Amino acid sequence: MSAEYIALMNVAARIARQAGDLVYAGRRAGAGTVQTKSSATDMVTEWDAASEQLILQQLDLLRTDDSIIGEEGTHLVGTSPYTWFVDPIDGTTNFLYNLSGYAISIAACIGAEPIAAAVFLPATRELFVAAQGHGAWLGSTPLRVSSCESLDTALIGTGFSYSSARREAQGQRISRLLPQVRDIRRCGAAAADLCFVACGRLDAYFEEGLQSWDLAAGQLIASEAGAKISNFSGEPITPSEVLVSTPGIHSSLIASL
Ligand code: LIP
């Protein structure tokens, strides 16, 4: 299966870069029309839709028999064992405010298990890729998580819900954690946060209430770079509870969360 997974990784990388170039050009021309989804702060731009349309067209061309699930409404059922999870712009708020922390996230999965992935950050032109059992790369550089062994020197990424009701509890959790760690970063795109753990820019990332398309690609890239992944209790990871870290601080983080 390894040649197949590498081939799927290369398909994801090619399409993520194409979609990234499209949205980056769109951002430079102005973010275009904006609508809201689950709340007044959960926004979607015309470039989210255009990116998902491009990705859909390219996957239909290159991987005709596969299933596809996208954040902006794509739900195609195919006949192959593979399902593509697509976030056409992860970090839409950053995109809208012209902040660099947004990403194209594309993963091929068997069931819920990612086996090939690409995350492209258009503003910094960084392409993170991984194939299950083969490692993870930033461009041609192999990725490895940080060597942090103690929570009090750890830089921790996180994110917050679009629901204001959930954010109060999330803020209380942060206020308990903050005195125990080096610092907190809220980068605004789960896929980027997961890649930052993979390359050691963050020592850990946790968040609740994600979707499969936010998580799938970055999860594989982080785990192939040596990250330990679980939910907040150390059980198998799900989009609703994501805890990804360098191994040396994972159990301390479980105790603190
Ligand atoms: C975003 C996530 C981020 C989370 C935001 C939002 P979107 O995804 O990547 O981690 O904190 O609330 O859900 O909506 O920009 O694709």
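Brief remarks follow.
- Matching residues, segment 112-135, being at pLDDT 95 or above, more than 14 Å from A192 (Cβ to Cβ) and of a type in the set (G, A, S): A116, A130, A131, G133, G135
- Assessment of segment 86-108 against the conditions (more than 18 Å from the chain's Cα centre (by Cα), outside any loop (DSSP other than H, G, I, E, B), of a type in the set (S, T, Y) and farther than 16 Å from D193 by Cα) yields no matching residue.
- Tally of residues being touching a strand residue (DSSP E or B) at 6+ places or on another chain (Cβ under 8 Å), within 15 Å of the ligand (Cβ to nearest atom) and either under 17 Å from A123 (Cα atoms) or part of a helix (DSSP H, G or I) (or both) across segment 1-44: 5
- Near pairs, Cβ below 6 angstrom, 6+ apart or cross-chain, from segment 119-139 (under 20 Å from L22 (Cβ atoms) and in contact (Cβ under 8 Å) with a residue 40 or more places away in the chain) to any residue that is of a type in the set (S, T, N, Q) and surrounded by 24 or more Cβ atoms within 10 Å (Cβ to Cβ): V119/S105
- Among the residues of segment 31-61, the one identified as modelled with pLDDT under 80, more than 18 Å from S161 (Cα to Cα) and crowded, with 17+ Cβ neighbours inside 10 Å is A31.
- Taking every residue in segment 69-98 that is at negative phi and among the charged types (D, E, K, R) and pairing it with any residue that is assigned to a loop (DSSP other than H, G, I, E, B) and crowded, with 18+ Cβ neighbours inside 10 Å, at least 6 positions away or on another chain, the pairs with Cβ-Cβ distances below 6 Å are D87/E71; D90/A189.
- If you filter segment 197-209 down to residues that are more than 9 Å from the ligand (Cβ to nearest atom) and not in a strand (DSSP E or B), you find that the one that is nearest to I115 (Cα to Cα) is A198.
- Lone qualifier among A31, A49 - being among the aliphatic types (A, V, I, L, M) and either in contact with a Phe, Trp or Tyr (Cβ under 9 Å, 6 or more places away or on another chain) or free of Cβ contacts under 8 Å to residues at least 12 places away in the same chain (or both): A31
- Scanning segment 115-136 turns up no residue that is in a helix (DSSP H, G or I) and within 14 Å of the ligand (Cβ to nearest atom).
- When residues of segment 72-101 are limited to those that are of a type in the set (D, E) and modelled with pLDDT of 95 or more, the one surrounded by the fewest Cβ atoms within 10 Å (Cβ to Cβ): D90
- Residue satisfying all of: in segment 165-196; part of a helix (DSSP H, G or I) and closer than 21 Å to F95 by Cα; nearest to the ligand (Cβ to nearest atom) among these: A190
- Hey, I254 within 14 Å of the ligand (Cβ to nearest atom) and more than 17 Å from the chain's Cα centre (by Cα) or not: no
- Any hit, segment 210-229, residues being surrounded by fewer than 17 Cβ atoms within 10 Å (Cβ to Cβ), within 19 Å of S105 (Cα to Cα), of a type in the set (S, T, N, Q) and within 16 Å of the ligand (Cβ to nearest atom): yes
The values are calculated or read from the model by the stated rules, or taken from the named source; none is laboratory data. A quick note: this is a predicted structure, and the numbers were derived from the prediction, not measured. Cβ atoms come from the backbone with ideal geometry, glycine included; neighbour counts cover every protein chain shown.
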